[in-house]
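**Student:** Quick one: the structure is below, questions incoming.
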Number of protein chains: 4
Amino acid sequence: MVGVAVIGAGYWGPNLVRNIQATPQLHLKTLCDLNVTRAREVLGRYSTVRATESLSETLADPDIQAVAVATPAATHLDVALAALEAGKHVLVEKPLASSYEDGLKLVNAAAERGLVLMLDHTFCYTPVVQRLRRLVHDGELGDIQYIDSVRINLGLVQPDIDVLWDLAPHDLSILDSILPPGVTPVAVAAHGSDPMHTGKACVAYISVQLSNGAIAHAHVNWLSPTKIRTMIVGGSKHTAVWNDLDPTQPLAVYNRGVDWSENPEAKRVSYRIGDMVAPALPTGEALRGVMAEFAAAIIEGRAPLTDGRSGLRVLAQLEAASASYAAGGTFVPVNGGTF
Amino acid sequence: MVGVAVIGAGYWGPNLVRNIQATPQLHLKTLCDLNVTRAREVLGRYSTVRATESLSETLADPDIQAVAVATPAATHLDVALAALEAGKHVLVEKPLASSYEDGLKLVNAAAERGLVLMLDHTFCYTPVVQRLRRLVHDGELGDIQYIDSVRINLGLVQPDIDVLWDLAPHDLSILDSILPPGVTPVAVAAHGSDPMHTGKACVAYISVQLSNGAIAHAHVNWLSPTKIRTMIVGGSKHTAVWNDLDPTQPLAVYNRGVDWSENPEAKRVSYRIGDMVAPALPTGEALRGVMAEFAAAIIEGRAPLTDGRSGLRVLAQLEAASASYAAGGTFVPVNGGTF
Amino acid sequence: MVGVAVIGAGYWGPNLVRNIQATPQLHLKTLCDLNVTRAREVLGRYSTVRATESLSETLADPDIQAVAVATPAATHLDVALAALEAGKHVLVEKPLASSYEDGLKLVNAAAERGLVLMLDHTFCYTPVVQRLRRLVHDGELGDIQYIDSVRINLGLVQPDIDVLWDLAPHDLSILDSILPPGVTPVAVAAHGSDPMHTGKACVAYISVQLSNGAIAHAHVNWLSPTKIRTMIVGGSKHTAVWNDLDPTQPLAVYNRGVDWSENPEAKRVSYRIGDMVAPALPTGEALRGVMAEFAAAIIEGRAPLTDGRSGLRVLAQLEAASASYAAGGTFVPVNGGTF
Amino acid sequence: MVGVAVIGAGYWGPNLVRNIQATPQLHLKTLCDLNVTRAREVLGRYSTVRATESLSETLADPDIQAVAVATPAATHLDVALAALEAGKHVLVEKPLASSYEDGLKLVNAAAERGLVLMLDHTFCYTPVVQRLRRLVHDGELGDIQYIDSVRINLGLVQPDIDVLWDLAPHDLSILDSILPPGVTPVAVAAHGSDPMHTGKACVAYISVQLSNGAIAHAHVNWLSPTKIRTMIVGGSKHTAVWNDLDPTQPLAVYNRGVDWSENPEAKRVSYRIGDMVAPALPTGEALRGVMAEFAAAIIEGRAPLTDGRSGLRVLAQLEAASASYAAGGTFVPVNGGTF
């Protein structure tokens, strides 16, 4: 069993604590938070897990082989780097770091030491995204024509990041997970506004040009009183529609669409109106899958599905989005890096 | 009673025929289409209304004081101008014309002759939009913070216009109708793609910067197998959510939102989670309201709610959107004109 | 073409007028109502159809071969019998008559003269019910285990009939249409209440024991502010769920259920959790199908799908329901008649 | 703090364990199950709570003042009686016992010793039911006219009880909780069927005549592949509709209905079509409220909201339902008892 510590007992930490405890291959040793009272509250009165405020003590513990980092984004570089330097495998909340440059440092640090660096791109471990990935990779949807995501609700106005950096990592990591081999983000544009004068965008729209000519788009919004979580993956053969708030039928695959035949005589459009299939999907908490993958990557000495590089690809697009937003909304090329 | 002719017996013409016949102040005399057989089929076997293929004959008929134009967009200038020059009041389908310049000719022609020129911005006559307009104008929503519209379904790939010019006039005319006095569109940006290589955008996103710093955004799409018609009007006090496909509860007004107080000591965000009210709305076909307004404007010698100038304002934004799309998605100023 | 008259210009008459006019094989000659002004209003200012208040004149017209009766239920016997005696084919609104005995008179009168007597069981001509019928008859659902229908909304409290006689004919005629050969209603029970003291049940529940041991149940209600129209057809292989208020996906066929194997050692239950398929269905108004069937039955000299006998079977169950309601809710056998 | 043991580590036990641990006034000491391995698994690797297979040892522990019983219904009498005789306060899963007679023994045993006997009628502690109770008791809904509940899904075919005894306790306990003072169940009727020949009803309908002339009805069903959980509480002033599967808007209060004025000249019906209000409700797990009430009743020495007598009232209606089902569906009076 892999000994694990969780760093950060804030909003997301308790979920990590609960799911690590439910994973047979992991053994939770320590919950570390600057506010040790908060850490104790999260563990509760009935727990045998240790609470501590000392990161250095936690990283020095030889029984701990891995850490899960759930601290604010601005601290990811310091905390994760310290952990890697202490020889620990690292699972880190999104975004990987505050910048592409910082993220690259983490990826390199992990690579040099042969350690697992994994992003907690939770949505990639849901049954729906795994099915979407399969539908795309197996060619069932045909050529990807457009991807449209809406992720809006009343959200916390974050102190350090805007709504793009807060919410769009979900959309971009899902995109990263499901895009077929060879199709990559080429350029990103972003529009948005800050109607409450908070100093950062609270409503934003991000468009991603893909290398096959398709467009991916996400609407992220902290100000919507009505919660919407939908993603449409439009393909030339089938189109998949995911409603994350419909627990009984989250995914629908439509055999409907437009066919377009181009020939010398007549450009012609025709419509397919076929059945819709809502596939039966396994149930279960996605974070359980994250932990299983983290444990497996450590034990098998392999890269996890959402490794540091996937985190870097998301950061490259976020930086392009910020640059586009600052420049009036025109498309900005994505840093392809050398990874 | 005002004698009326309908020009064009295609997709929308039959709806005009039916609703004019149901309007007491109007008397339908003629249905004119180049294909007179089609016109006769639309009227059916039991009708006393005349079918004709001759536009000139129709416009020469002294019993006809007004015409409703439902021909393809590219012909609006010629047909509507001929009608105005023949001294007829004109109701025209959206968009007013193929360009701002052409639209301006129609507006001037009508103004010179003191004739009514009205746009069939049908949605503006729905009970929901009229209630939205009232909610905004009466200040019940507070300051407008963002407006988000989704208008997607499997649509006809139009031969002459792209999805922006086909569908966005609906969103832009609704916007024109509900925006509070003094808040105007300043600049427009558009992203999109043509994944099927039809030669025109089939998926598009349009962002409109408003003069108060807010953003309006619309997603228009011909390729979606699932039909969505929603509009969120986010205000500082209340937010209205319109689902046009929910006949039993199309409008919901939420007393929820984010409050943000800025003071020297502490920027602070707080949340209101209040009740939602779905107002009872009258039922009835919007096109009935269009015809009542057309008749009233003619009889009372006044401008209709959706007059030629509202059509011009929509054209100015469509032209800016096309320019932005061609230029890589950056914001393009809206032609303010002198109207 | 078959010359037709509509008798009754009240709530439903205008729909008959509209749909007969749209049916090529039928020619609408006359709309007859005791209130001829009302009849003229229904026809409108542009119609060539004659309005009259005289039933006898209408029935004496040799150009009229068929009549559609949309008068109050209590008058069906007199009007329809007069029409049959005048040699006209008859389409009659549900219920066929006020009693089984009266209904039998109409069936016999039509049979003696070789005339078509058809019930306007409109729902039986919807694409959904026709698909349900096929799913059941082809064995795709397996053995029918239960059928549950909910038909509730704010309804007119009828002057002459209770909610069972007003709404349950819809459920019972659908049941009649979809039940597999050999499965028949055996006994009926009804519970209900009259909470507003109107003198008749406004909320009622009807249970129908079927000959194969299954149960069919309907909730009919005039007092519900929320409209619900669902029917579940539970089968041993698949279960179909119909939501009549969901225009985009009215029918869902679930490959889910409970399997039960009985053997000497162990009674065992297992579950199937398979996909759901929402079949693509044709669109179109059901009443158009009613008229097409009426015309075809007359022209081909055959019984229509919903002939007088189907109306009698519904009446037999309504009478059993009323008897059960009066007797405290116990099951009452259905009059099998000799038809 | 009150020391507590949970008896039964099966389907529901883990929820009790989790919620007791989260309740400050309670201290979980022991989880007792005949299968101690199962108990250990429920507690997990990180717990300080004791697992045991010995009920007698558990009841002999002086640190334990209260027990929560989550064993099969058939064992409730023995386990709960032993606990009461050992001087423990008791929280028991529904139904209280297998018969009214057995339930009465438990109520008497608790009363004699001055111990708390509480039913885990979980739904009564949801924000929705508490709001419904208030709406009814404060007169906001007006006179109750009808209550309609649907509780259907793919359910476990229980080895010892039919679907009425399994699911209807939820509906009957909610009814017990929200009915206004003075309105009581008078008689119960039940219809149902066993289409899979399991030896017990798997689909059932229960009708409850109330003392004010209204009717309450529930559809309970183990065989439905689609899950529905709705309750309509129809009142003369307002009607409340609860959809338990809509987390964002579970409760809707309609200002719509039918008004009926009776006077010598004219019985008249009119309709109100007013707004709908979806009240903001607190969130949180209902079982947390159950535990808070259990703790408060013990500490304050008072009867809990859902005391033994509420459990008896539910049992009386279940017995009447079974008697009606056996007798062909006629209404059977409810045992009023002397409690």
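The values are calculated or read from the model by the stated rules, or taken from the named source; none is laboratory data. On a predicted model such as this, the values are computed, not experimentally measured, just so you know. Using ideal geometry, Cβ is built from the backbone for each residue, glycine included, and neighbour counts are taken over all protein chains shown. For accessibility, only protein heavy atoms count, side chains too; no ligands or nucleic acids. Shrake-Rupley method; radii C 1.70, N 1.55, O 1.52, S 1.80 Å.
**Student:** With respect to the numbered conditions (1) surrounded by 15 or more Cβ atoms within 10 Å (Cβ to Cβ); (2) out of contact with any helix residue (DSSP H, G or I) (no Cβ under 9 Å at 6 or more places or on another chain), which one is the sole condition not fulfilled by A:Glu41?
**Tutor:** (1)
**Student:** Can I ask one more? Here are some residues: D:Leu84, D:Leu77, D:Leu104. Which one is open to solvent by 20 Å² or more (accessible area, probe 1.4 Å), among the hydrophobic types (A, V, I, L, M, F, W, C), under 18 Å from D:Ser56 (Cβ atoms) and part of a helix (DSSP H, G or I)?
**Tutor:** Details: D:Leu84 fails: open to solvent by 20 Å² or more (accessible area, probe 1.4 Å); D:Leu104 fails: under 18 Å from D:Ser56 (Cβ atoms).
Just a single option satisfies the conditions, and that option is D:Leu77.
**Student:** Which of the residues spanning segment C:177-214 are at the interface with chain D (Cβ under 7 Å from one of its Cβ atoms), open to solvent by less than 10 Å² (accessible area, probe 1.4 Å) and among the hydrophobic types (A, V, I, L, M, F, W, C)?
**Tutor:** C:Ala189, C:Val203, C:Ala214
**Student:** Hey, another quick one. If you go through segment B:309-339, how many residues are at pLDDT 95 or above and of a type in the set (Phe, Trp, Tyr)?
**Tutor:** Going through segment B:309-339 one residue at a time, the tally reaches 2.
**Student:** Under 7 Å between Cβ atoms, which residue pairs at least 6 apart in sequence (or on different chains) link something in segment B:52-76 that is assigned by TED's automatic domain parsing to the domain that holds B:Pro95 with a partner that is among the charged types (D, E, K, R) and open to solvent by less than 50 Å² (accessible area, probe 1.4 Å)?
**Tutor:** Partner pairs satisfying both residue conditions: B:Glu53/B:Asp33; B:Leu59/B:Lys88; B:Ile64/B:Lys88; B:Gln65/B:Lys88; B:Ala66/B:Lys88; B:Val67/B:Lys88; B:Val69/B:Glu93; B:Ala70/B:Glu93.
**Student:** Can you give me the ranges of the strands (runs of 3 or more DSSP E) entirely in segment B:211-315 with at least 1 residues that are touching a residue at least 60 places away in the same chain (Cβ under 8 Å) and more than 30 Å from A:Ser270 (Cβ to Cβ)?
**Tutor:** Numbers: elements: B:215-221, B:223-235, B:239-243, B:251-261, B:268-278.
Where strands (runs of 3 or more DSSP E) fall fully within segment B:211-315 and carry at least 1 residues being touching a residue at least 60 places away in the same chain (Cβ under 8 Å) and more than 30 Å from A:Ser270 (Cβ to Cβ), they are B:215-221, B:223-235, B:239-243, B:251-261.
**Student:** Still on this structure, please answer the following. Could you check segment C:112-128 and list, in sequence order, the residues that are assigned to a helix (DSSP H, G or I), without any contact (Cβ under 8 Å) to a residue 60 or more places away in the chain and not basic (Lys, Arg)? Step through it out loud before you land on a result.
**Tutor:** Pass one, segment C:112-128, residues assigned to a helix (DSSP H, G or I): C:112-113, C:122-125, C:127-128.
In the following step, the residues that additionally are without any contact (Cβ under 8 Å) to a residue 60 or more places away in the chain were identified as C:112-113.
Of everything in segment C:112-128, just one residue is assigned to a helix (DSSP H, G or I), without any contact (Cβ under 8 Å) to a residue 60 or more places away in the chain and not basic (Lys, Arg), namely C:Glu112.
**Student:** What number goes with the only condition from (1) touching a strand residue (DSSP E or B) at 6+ places or on another chain (Cβ under 6 Å); (2) outside the structural domain of D:Cys32 (by TED's automatic domain parsing) that D:Val92 does not pass?
**Tutor:** (2)
**Student:** Sticking with this structure for a sec: Hey, A:Pro282 hits all of (1) of a type outside the set (Lys, Arg); (2) open to solvent by 20 Å² or more (accessible area, probe 1.4 Å); (3) modelled with pLDDT of 95 or more but one; which does it fall short on?
**Tutor:** (3)
**Student:** Let me ask you something else. B:Val128: of a type in the set (Val, Ile, Thr), open to solvent by less than 30 Å² (accessible area, probe 1.4 Å) and not assigned by TED's automatic domain parsing to the domain that holds B:Ala252, yes or no? Don't jump to the end; show me each part of the working.
**Tutor:** Working: of a type in the set (Val, Ile, Thr): yes; open to solvent by less than 30 Å² (accessible area, probe 1.4 Å): yes; not assigned by TED's automatic domain parsing to the domain that holds B:Ala252: no.
It is false that B:Val128 is of a type in the set (Val, Ile, Thr), open to solvent by less than 30 Å² (accessible area, probe 1.4 Å) and not assigned by TED's automatic domain parsing to the domain that holds B:Ala252.
**Student:** Same structure again: Can you tell me which residues in segment B:5-28 are among the hydrophobic types (A, V, I, L, M, F, W, C), over 14 Å from B:Thr52 (Cβ atoms) and part of a strand (DSSP E or B)? Quick ask: steps written out before the conclusion?
**Tutor:** Start the filter on segment B:5-28 by keeping residues that are among the hydrophobic types (A, V, I, L, M, F, W, C), which leaves B:5-7, B:9, B:12, B:16-17, B:20, B:22, B:26, B:28.
If we keep only those that are over 14 Å from B:Thr52 (Cβ atoms) too, we end up with B:12, B:16, B:20, B:22, B:26.
Matches in segment B:5-28: B:Leu26 only.
**Student:** Just to be sure before I move on: is B:Val150 within 14 Å of chain A (Cβ to nearest Cβ) and closer than 18 Å to B:Ser322 by Cα in the structure I sent? It would help to see each step written out before you state the result.
**Tutor:** Details: within 14 Å of chain A (Cβ to nearest Cβ): yes; closer than 18 Å to B:Ser322 by Cα: no.
No.
**Student:** Can I ask one more? Answer yes or no as to whether A:Pro159 is open to solvent by 20 Å² or more (accessible area, probe 1.4 Å) and more than 23 Å from A:Pro72 (Cβ to Cβ). Lay out the reasoning, then the answer.
**Tutor:** Numbers: open to solvent by 20 Å² or more (accessible area, probe 1.4 Å): yes; more than 23 Å from A:Pro72 (Cβ to Cβ): no.
In short, no.
**Student:** So if I check each of D:Val277, D:Val269, D:Val241, D:Val258, which one is at pLDDT 95 or above, at the interface with another protein chain (Cβ under 9 Å from one of its Cβ atoms), surrounded by fewer than 24 Cβ atoms within 10 Å (Cβ to Cβ) and under 19 Å from C:Val220 (Cβ atoms)? Step through it out loud before you land on a result.
**Tutor:** Values: D:Val277 fails: under 19 Å from C:Val220 (Cβ atoms); D:Val269 fails: at pLDDT 95 or above; D:Val258 fails: at pLDDT 95 or above.
Checking each option against the conditions leaves just D:Val241.
**Student:** Quick check on my filter: what residues within segment B:43-92 are under 30 Å from C:Thr23 (Cβ atoms) and of a type in the set (D, E, K, R)?
**Tutor:** B:Arg45, B:Arg50, B:Glu53
**Student:** Hey, another quick one. Within segment B:48-70, track down each residue that is in contact with a Leu (Cβ under 9 Å, 6 or more places away or on another chain), open to solvent by 30 Å² or more (accessible area, probe 1.4 Å) and outside any loop (DSSP other than H, G, I, E, B).
**Tutor:** Of everything in segment B:48-70, those that are in contact with a Leu (Cβ under 9 Å, 6 or more places away or on another chain), open to solvent by 30 Å² or more (accessible area, probe 1.4 Å) and outside any loop (DSSP other than H, G, I, E, B) turn out to be B:Arg50, B:Leu55.
**Student:** Something else now. Got a sec? Which of A:Ala187, A:Ala201 is in a strand (DSSP E or B) and either among the hydroxyl-bearing types (Ser, Thr, Tyr) or in contact (Cβ under 8 Å) with a residue 24 or more places away in the chain (or both)?
**Tutor:** Numbers: A:Ala201 fails: in a strand (DSSP E or B).
After ruling out the rest, the residue left standing is A:Ala187.
**Student:** I'm trying to understand the selection: among the residues of segment B:215-227, which are buried (at least 22 other Cβ atoms within 10 Å of the Cβ) and either modelled with pLDDT under 95 or more than 10 Å from chain A (Cβ to nearest Cβ) (or both)? Please lay out each step first, then the result.
**Tutor:** Within segment B:215-227, the subset buried (at least 22 other Cβ atoms within 10 Å of the Cβ) is B:215-225.
The answer is B:Ala218, B:Val220, B:Trp222, B:Leu223, B:Ser224, B:Pro225.
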